[in-house]
Every structure is written in C-alpha cells, then in structure tokens.
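For reference, the structure is listed below as structure tokens.
The values are calculated or read from the model by the stated rules, or taken from the named source; none is laboratory data. The model shown is predicted, which means the values in this text are computed figures rather than measured ones. Here the Cβ positions follow ideal geometry from the backbone for every residue, glycine too, while neighbour counts run over all protein chains shown.
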Amino acid sequence: MNQAQIKVISSGKYIPKETITNQDLEKMVDTNHDWIVSRTGIVKRHKAAEQEESSDLAYHAAMDAIKKANYDINQIDLIIVASITGDQMTPATANFVQTKLGITHECMSFDINAACTGFVYGLEIAASMLASGRFRSALIIGSEKLTKVVDYTDRNTCILFGDGAGALIVEPSEKKEDQVYFYNAAKPDELLSLTVERYIKMDGRKVFLFAVDIMQKGIEKMLNESNLTIDDIDAIIPHQANIRIIQAVSKAMNIPMEKFVLNIEEYGNTSAASIPISLDEYMLDQKNRNQKVILVGFGGGFTYGSALINL
Ligand code: COA
C-alpha cells in the first residue's frame, strides 16, 4: 500500500502569448474550424517563441508557483521535469531549470519521459522520494514545446497540440488526510510516437478508444484504493486531449461533466503540461483548496496513470 503523504504548497503555470487558432490552421492544411471544434473541442493553442525552450517555459511556471506562495527557494532539493520536448539530450531540462532558478545548493534534478502521463508519473516519484525522508521539498514540472515536433502538413495531428508548462511544489506531510494514492503503469504500444524523424505520429482512432477505457480504469482505481465514492471527490483533472474522450468517460461512469476541469478549448493538448496547467487553474480559486481531486492521464507508450491528492 502507498503510504506517502504530501502537502501541496503551491502551483504555477506559463502559457506563451502567441496563439495558433483554428482559422490559422485552415490556411495550412485541409481542415476547418467547425470540424476541429466538433471533433476535439479545441479552438486555439499557444506557441512558444522561436528562442523559448521547454526549460524557459518550465522556469516561468516554477517562478509562478514560487511567487504565489512566497516560497523559500532554498527549501527545494528535488526538481523533476516531465517532457517529451526537452531542450536537448543532456543536460536534462530539469538541470537547466535549476540553473535558471539560481539553485546552487544541493538539489537532485532530472527529467522523465512518460509522454502525456509524465506529470502523474513525476508526482508519484516525488511523493515516494519525499516519503523516504531524504528530501524536503519537490518541484514537479510538466513542460512542452510541442510546436517544434508537430508536422504542420498533417491535419490528423497538427490541430491537436500546443505549448505550455505547469508546476507544483509539494512537501512531506504529517497529516493523515494528505495521504496520496497512485496508479501508474504502461502497456507497450507504438500507436502514438515521436521518432527521431522529429514529428508526432499517431493512430487517432485507436488512441481515442484506449484513452476512454483507461481513464475510467484510472478513476475507478483511485476510488477503490481510497474507499471513497465519486461524491467524495471534488474534481477530476483529466489530461486534455479531446473533449469527446472526457465526455465519453463522463457518460460511461455517470459522472457529471461539471466535475471535470476543462481548458482544452484554450490550450489544446499540451502533453505533460496539460494536467499541471489545469491543476493550477483549479487551485487559483481559493475555495478549491482542501479538496480531494483525481488527476488522470494517458499518453504515448502507452503510459497511463492517476493520482488522488488533497489540495
Ligand atoms: N480536418 C478535417 N477532416 C479531418 C481532419 C481535420 N483536421 N483530420 C481528419 N479528418 C478526416 C479524416 O480524414 C476522416 O475522413 P474520411 O472519413 O474521409 O477518411 C474523417 O475526418 C474522420 O477521421 P477520424 O480519424 O475518424 O476522426 P476522429 O473523429 O477519430 O477524430 C481525432 C480524429 C484525431 C481528433 C481523434 O481520433 C482523437 O482525438 N484521437 C485521440 C488522439 C489523442 O488524444 N492523442 C493524444 C494522446 S495523448
């Protein structure tokens, strides 16, 4: 059984200013606004500037989290960046973030790649490391510059993805109600990939079916492990890949759509950044603190995972 208890200290996000609207995409590929909205729920996505790398997006999201809590940066001794679009092979994007934050004291920083499930994986890794007693404060970031790996001649994929970053600061907790639950796993499959050819490729229909199924399992697992019912859960923060995936899960599980935090219309699919961006937007409303939320995601690999946390 998972015994980790974590206190959520602060969240942050960074969204680049430039946007790619559906109308912009109409000029690039054979598509149209109505098709994109009805098939995905996406109206626009954001695009990082040419010189802005994933570590820059991650740094801004981290600073947002640090500033919001007026957090002492000297506390942070663990930085995990989840990304499929890191700046370069090595050093890790997390190492660059550490440098940009000016953290020169001893701090472990590394990247993980679990595609769109990366943030949930990262949170479990951080929770386990904090529970070991060897670390006092973890900064977990999902950051993506997906526009650099999107093929803008492929209408099947270019309509979906956007850039952004989300961050969360967590510490170990003594409180029983801060117990977290996780369910993270993978099932080898290559229906969604990003190869050295540099572009995202996927079989959309098959990914869709897998997602609807695995998201239900992820939510059920959290309820079973915690002995809670869906009524005890204040919100579900799903990976924002396609509004129809979330609607199908809502319908199949009889969970009202109002329980799902949604922003796909504004950002599209930002991969590992999608859940922490949504989490930050949810936490911006103070009345949403001290709540139980389920994070649930899936992505290339296939990876999938869920977490039940107390905000
Ligand atoms: N604009 C207009 N038409 C498009 C289009 C576009 N951007 N993309 C595909 N089409 C066409 C297809 O060519 C197809 O035409 P056809 O019937 O003449 O062959 C038709 O629309 C239906 O295509 P289909 O692939 O069945 O659409 P869909 O309803 O499955 O929607 C996705 C496509 C990609 C939006 C959807 O499958 C999806 O979101 N899948 C999950 C992807 C995902 O979440 N990936 C990330 C995981 S982390």
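Does the range 133-152 contain any residue that is hydroxyl-bearing (S, T, Y), part of a loop (DSSP other than H, G, I, E, B), at pLDDT 95 or above and within 16 Å of the ligand (Cβ to nearest atom)? Checked against the condition, which is being hydroxyl-bearing (S, T, Y), part of a loop (DSSP other than H, G, I, E, B), at pLDDT 95 or above and within 16 Å of the ligand (Cβ to nearest atom), the range 133-152 yields at least one hit.
For (1) over 17 Å from D163 (Cα atoms); (2) out of contact with any Leu (no Cβ under 9 Å at 6 or more places or on another chain), each residue gets a yes or a no:
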site	(1), (2)
I15	no, no
E18	no, yes
L25	no, yes
D30	yes, yes
D34	yes, yes
A48	no, no
L57	no, yes
D87	no, yes
K100	yes, yes
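Restricting the range 218-230 to residues that are of a type outside the set (S, T, Y) and surrounded by 15 or more Cβ atoms within 10 Å (Cβ to Cβ), which is farthest from the chain's Cα centre (by Cα)? In this case the residue turns out to be L228. Only one entry in A185, A211, A252, A235 is among the small types (G, A, S) and loosely packed, with under 15 Cβ neighbours inside 10 Å, namely A252. Taken over the range 26-43, the criterion of being near the ligand (Cβ under 8 Å from one of its atoms) and out of contact with any Phe, Trp or Tyr (no Cβ under 8 Å at 6 or more places or on another chain) is satisfied by D30, T31, N32, W35, I36, R39, T40.
Of the numbered criteria (1) at pLDDT 95 or above; (2) under 24 Å from L191 (Cα atoms); (3) in contact with a strand residue (DSSP E or B) (Cβ under 7 Å, 6 or more places away or on another chain), the one G301 fails is (1). Mind listing just one residue for me: the one in the range 255-274 that is of a type in the set (A, V, I, L, M, F, W, C) and over 15 Å from the mean Cα position of the chain (by Cα) and, of those, surrounded by the fewest Cβ atoms within 10 Å (Cβ to Cβ)? Among those that are of a type in the set (A, V, I, L, M, F, W, C) and over 15 Å from the mean Cα position of the chain (by Cα), it is M257. The condition of being out of contact with any helix residue (DSSP H, G or I) (no Cβ under 7 Å at 6 or more places or on another chain) and at pLDDT below 95 holds for only one of M89, M108, M129, that being M89. So which residues in the range 293-311 are of a type in the set (A, V, I, L, M) and either in a strand (DSSP E or B) or crowded, with 22+ Cβ neighbours inside 10 Å (or both), if there are any at all? Once the filter is applied, which keeps residues that are of a type in the set (A, V, I, L, M) and either in a strand (DSSP E or B) or crowded, with 22+ Cβ neighbours inside 10 Å (or both), the range 293-311 yields V293, I294, L295, V296, A307, L308, I309.
Just one of the listed residues (G118, G122) is outside any strand (DSSP E or B), within 12 Å of the ligand (Cβ to nearest atom) and at pLDDT 95 or above, namely G118. Scanning the range 61-107 for residues that are among the acidic types (D, E), touching a Ser or Thr at 6+ places or on another chain (Cβ under 7 Å) and either over 15 Å from S143 (Cα atoms) or not in a loop (DSSP other than H, G, I, E, B) (or both) turns up just one, D77. Just checking, does the range 73-89 include any residue being more than 18 Å from I169 (Cα to Cα), surrounded by fewer than 18 Cβ atoms within 10 Å (Cβ to Cβ) and of a type outside the set (G, A, S)? Within the range 73-89 (the criterion being more than 18 Å from I169 (Cα to Cα), surrounded by fewer than 18 Cβ atoms within 10 Å (Cβ to Cβ) and of a type outside the set (G, A, S)), the answer is yes, since at least one residue qualifies.
Counting only helices (runs of 4 or more DSSP H) that fall entirely inside the range 173-292 and contain at least 3 residues that are within 11 Å of the ligand (Cβ to nearest atom), the qualifying elements are 204-226, 243-253. In this structure, is Q5 without any contact (Cβ under 8 Å) to a residue 60 or more places away in the chain, away from the ligand (no atom under 16 Å from the Cβ) and on the phi < 0 side of the Ramachandran plot? Against the criterion (without any contact (Cβ under 8 Å) to a residue 60 or more places away in the chain, away from the ligand (no atom under 16 Å from the Cβ) and on the phi < 0 side of the Ramachandran plot), Q5 does not qualify.
Can you say whether T93 is touching a residue at least 40 places away in the same chain (Cβ under 8 Å), out of contact with any Phe, Trp or Tyr (no Cβ under 6 Å at 6 or more places or on another chain) and within 16 Å of the ligand (Cβ to nearest atom), as far as the supplied structure shows? Answer is no for this residue.
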